[in-house]
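What follows is a single structure, written as structure tokens, with notes after it.
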Amino acid sequence: MASQKYNILYGRLSQEDERQRDDRQKESNSIHNQKLFLEQYAADHGFENTLFLADDGYSGTNFDRPAWKKVIEMVERDEVETIIVKDLSRLGREYLQVGQYTEIYFTEKGVRFIAVNDGVDSLVESSNDFNHIRNWANELHAKDTSKKVRAIKKMQAERGERLGGKPPYGYKKKDRDSKEIIPDEETAPIVRRIFDLCAAGKRPNQIARILTRGQVLNPTNQYYQATGVACTNLDTTRPYTWSGRTVAKILENKVYIGHTLSMKKTTLSYKNKKQTQKPESEQILVENTHEPLISMEIWEIVQDVREHKRRPPKHMEEPNLFSGLVYCADCGKYMVLCRTGKMREDQYYFRCSTYGKRGKTACSPHQIRDADLKAIVLDDLRRVTHFARMKERQFAQYINQRNTAELRREINRLQKELDSMRRRYDELSALFKRLYEDNVLGRVTNEQFRMLSADYNAEQKNLSAAIPAKEEQLEKLKASAANVDAFIEKAKRYTTIDELTPELLRIFIQRIEVGERSKKHSRSAGQSVRIVYRDIGRVGSPMQAGEHAPHITKQITDIEEIKRLLA
């Protein structure tokens with residue numbers, strides 16, 4: 001029965017409407033005032049059995065709105081007599097979709113549509129004559145507004161302003177209406193603990209289990225209890241359950257070293273609000289925008305640990321002490337620790353991964369026992385840190401003299417490689433141009449052109465990706481001049497080193513290179529172990545290890561010079 005149907009009064013307000021309009025327009029378009037306006041219109045024109053439905057904070061280009069979906073459901077059930085809006089833009093700002101509703105759908109369903117301020121009434125045919133122009137103008141407004149909002153957000157991001165409302169875990173707002181963040185005395189220590197555990201060799205899943213066992217509130221429940229605001233994926237039935245994914249996101253977030261990274265995601269268009277991840281080159285990073293929670297030293301150690309993460313065997317809970325640090329001195333690939341549940345711990349050994357995968361034609365085993373490697377590294381670490389503490393000036397002099405020469409050789413090598421790659425890129429551009437001209441002049445057939453141009457394009461594409469990576473490597477090397485002072489300060493913090501720990505290894509050591517034995521298949525022949533320290537590079541000579549030797553011996557190439565300098 002028509003008398004039992006509803007006369008729907010529909011209102012909508014988007015965040016863009018609130019941002020872009022002046023105060024008078026904001027008040028006029030507020031949901032409250034739209035409701036008063038439509039109720040007054042209904043009363044003045046005899047519309048009874050009214051129902052007001054509204055979507056607050058929804059874009060006009062998106063029709064996936066809760067209240068609007070309810071309106072359509074009621075229309076499908078034949079429960080709607082009339083739909084009344086303040087103006088066409090309240091229905092939506094998508095030209096085709098609004099036209100489909102007003103000119104086809106409502107007519108087919110027998111629903112009267114009224115847009116009061118635009119003078120549109122579907123019962124009056126002439127009132128629809130300019131609807132397509134109005135809809136088109138409304139869509140242009142939405143497009144223009146979207147461009148302005150994007151431009152404003154980009155400017156804010158470039159100034160280092162935070163664009164999100166919720167502060168990152170470990171921080172809180174300086175005050176209620178401020179975008180500035182400061183460390184949260186309750187959660188900041190948990191963030192520092194997470195980074196310390198990772199630096200000590202713990203994986204995200206292990207850290208998550210530690211926090212869960214310790215009854216530490218997870219980020220969503222902590223924020224809910226502190227503010228009363230429910231975040232996405234809030235589960236109040238498991239407030240202390242942490243996931244490895246949550247921990248990993250914290251470990252990767254540059255906010256904890258005082259930087260603000262913005263514009264990480266974008267929407268496909270002003271019509272399609274589906275979010276996509278932006279390339280790293282298009283994201284905006286502003287450094288030193290707030291107080292950091294962790295030091296740059298810990299951050300770099302953690303990123304290094306995460307970059308070289310290795311999943312331990314199923315029967316082993318803990319990853320290996322040297323995970324991601326040990327490499328083959330000949331092929332440059334990482335070495336794997338061979339261990340099984342049936343082996344004793346003193347039988348564990350490292351082996352070149354290339355040899356393990358491809359056999360002796362690709363590389364040799366470079367095998368070394370885990371126990372011997374621990375003894376070598378512990379002995380050398382004690383020696384180097386002792387020298388750094390006891391003879392600071394002489395130690396700095398030796399390191400600077402040694403590393404300057406090595407660094408210069410490596411920079412020259414990389415620069416030659418980069419110059420060669422750039423020349424080849426230019427050559428390919430010239431070749432392609434000549435090939436195109438020959439094809440146009442008939443000297444080269446279309447088939448030959450397609451085949452050769454595909455090869456040239458593929459090579460040039462590879463160079464386009466490789467050149468920036470090589471440039472970045474070169475810049476890092478130029479910036480990696482020995483920082484002896486930083487190493488000495490770390491050496492002073494660790495005056496007693498009784499055993500190796502994952503944290504100690506990551507703080508002091510960047511890389512360990514294991515050479516092949518001087519005599520293959522000999523268990524007594526020595527083999528070199530080169531240790532590259534953070535901040536200072538190599539110190540002294542390679543070390544020697546015999547598999548069954550009860551002690552560690554050293555080659556005497558640079559040792560005498562070190563003793564002379566440090567005497």
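The values are calculated or read from the model by the stated rules, or taken from the named source; none is laboratory data. This structure is a prediction, so every number in the text was calculated from the model and none was measured. In this analysis, Cβ positions are derived from the backbone assuming ideal geometry, glycine residues included, and neighbour counts consider all displayed protein chains. To get the accessible areas, we keep the full protein, side chains included, count just its heavy atoms, and leave off ligands, DNA and RNA. Shrake-Rupley method; radii C 1.70, N 1.55, O 1.52, S 1.80 Å.
Computed quantities for the displayed model
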quantity: Some residue of region 96-107 being under 38 Å from the mean Cα position of the chain (by Cα) and in a helix (DSSP H, G or I); calculated: yes
quantity: Qualifying residue in region 194-217 (condition: in contact (Cβ under 8 Å) with a residue 40 or more places away in the chain, in contact with a Phe, Trp or Tyr (Cβ under 9 Å, 6 or more places away or on another chain), of a type in the set (Val, Ile, Thr) and surrounded by fewer than 16 Cβ atoms within 10 Å (Cβ to Cβ)); calculated: no
quantity: Condition met for Ser364 (without any contact (Cβ under 8 Å) to a residue 60 or more places away in the chain, open to solvent by less than 40 Å² (accessible area, probe 1.4 Å) and either under 16 Å from Glu516 (Cα atoms) or within 33 Å of the chain's Cα centre (by Cα) (or both)); calculated: no
quantity: Selection count where residues are modelled with pLDDT under 85, part of a helix (DSSP H, G or I) and surrounded by 19 or more Cβ atoms within 10 Å (Cβ to Cβ), scope region 475-491; calculated: 1
quantity: Long-range neighbours under 9 Å by Cβ, at least six apart or interchain, first residue in contact (Cβ under 8 Å) with a residue 24 or more places away in the chain and within 14 Å of Leu217 (Cβ to Cβ) within region 227-249, second hydroxyl-bearing (Ser, Thr, Tyr) and open to solvent by 50 Å² or more (accessible area, probe 1.4 Å); calculated: Cys231/Tyr224
quantity: The listed residue being touching an Asp or Glu at 6+ places or on another chain (Cβ under 9 Å), assigned to a helix (DSSP H, G or I), modelled with pLDDT of 90 or more and within 25 Å of Cys328 (Cα to Cα), out of Leu373, Leu378; calculated: Leu378
quantity: Top-ranked residue in region 218-245 [being assigned to a helix (DSSP H, G or I) and open to solvent by 50 Å² or more (accessible area, probe 1.4 Å); ranked as modelled with the highest pLDDT]; calculated: Arg245
quantity: Given (1) among the hydrophobic types (A, V, I, L, M, F, W, C); (2) more than 30 Å from Glu472 (Cα to Cα); (3) modelled with pLDDT under 90; (4) not in a loop (DSSP other than H, G, I, E, B), index of the condition Leu261 fails; calculated: (2)
quantity: Tabulated pairs, region 449-473, first farther than 30 Å from Glu410 by Cα, second open to solvent by less than 60 Å² (accessible area, probe 1.4 Å) and outside any helix (DSSP H, G or I), C-beta under 9 angstrom, 6+ apart or interchain; calculated: Leu452/Val444
quantity: Counted residues, region 324-351 - those being in contact (Cβ under 8 Å) with a residue 40 or more places away in the chain and either open to solvent by less than 40 Å² (accessible area, probe 1.4 Å) or under 27 Å from Val302 (Cβ atoms) (or both); calculated: 7
quantity: Qualifying residue in region 521-532 (condition: touching a Ser or Thr at 6+ places or on another chain (Cβ under 8 Å), part of a helix (DSSP H, G or I), modelled with pLDDT of 75 or more and under 25 Å from Arg382 (Cα atoms)); calculated: no
quantity: Failed item, numbered, when Thr496 is tested on (1) free of Cβ contacts under 8 Å to residues at least 60 places away in the same chain; (2) over 31 Å from the mean Cα position of the chain (by Cα); (3) surrounded by 12 or more Cβ atoms within 10 Å (Cβ to Cβ); calculated: (3)
quantity: Filtered residue count, region 367-383, keeping only those that are under 36 Å from the mean Cα position of the chain (by Cα) and either open to solvent by 40 Å² or more (accessible area, probe 1.4 Å) or over 17 Å from Ala525 (Cα atoms) (or both); calculated: 4
quantity: Answer residue from region 167-193, given it is touching a strand residue (DSSP E or B) at 6+ places or on another chain (Cβ under 9 Å), touching a residue at least 60 places away in the same chain (Cβ under 8 Å) and not in a helix (DSSP H, G or I) and is surrounded by the fewest Cβ atoms within 10 Å (Cβ to Cβ) among those; calculated: Glu180
quantity: Matching residues in region 149-166 - criterion: being modelled with pLDDT under 70, of a type in the set (D, E, K, R) and over 19 Å from Asp177 (Cα atoms); calculated: Arg150
quantity: Neighbours by Cβ (under 7 Å, 6+ apart or cross-chain): first from region 525-546, on the phi > 0 side of the Ramachandran plot; second in a loop (DSSP other than H, G, I, E, B) and at pLDDT below 85; calculated: Asp535/Ala482; Asp535/Asn483; Gly537/Ala482; Gly540/Asp558
quantity: Total residues in region 331-347, condition closer than 21 Å to Lys374 by Cβ, assigned to a loop (DSSP other than H, G, I, E, B) and not charged (D, E, K, R); calculated: 3
quantity: Some residue of region 274-283 being of a type in the set (D, E, K, R), without any contact (Cβ under 8 Å) to a residue 60 or more places away in the chain and open to solvent by less than 50 Å² (accessible area, probe 1.4 Å); calculated: yes
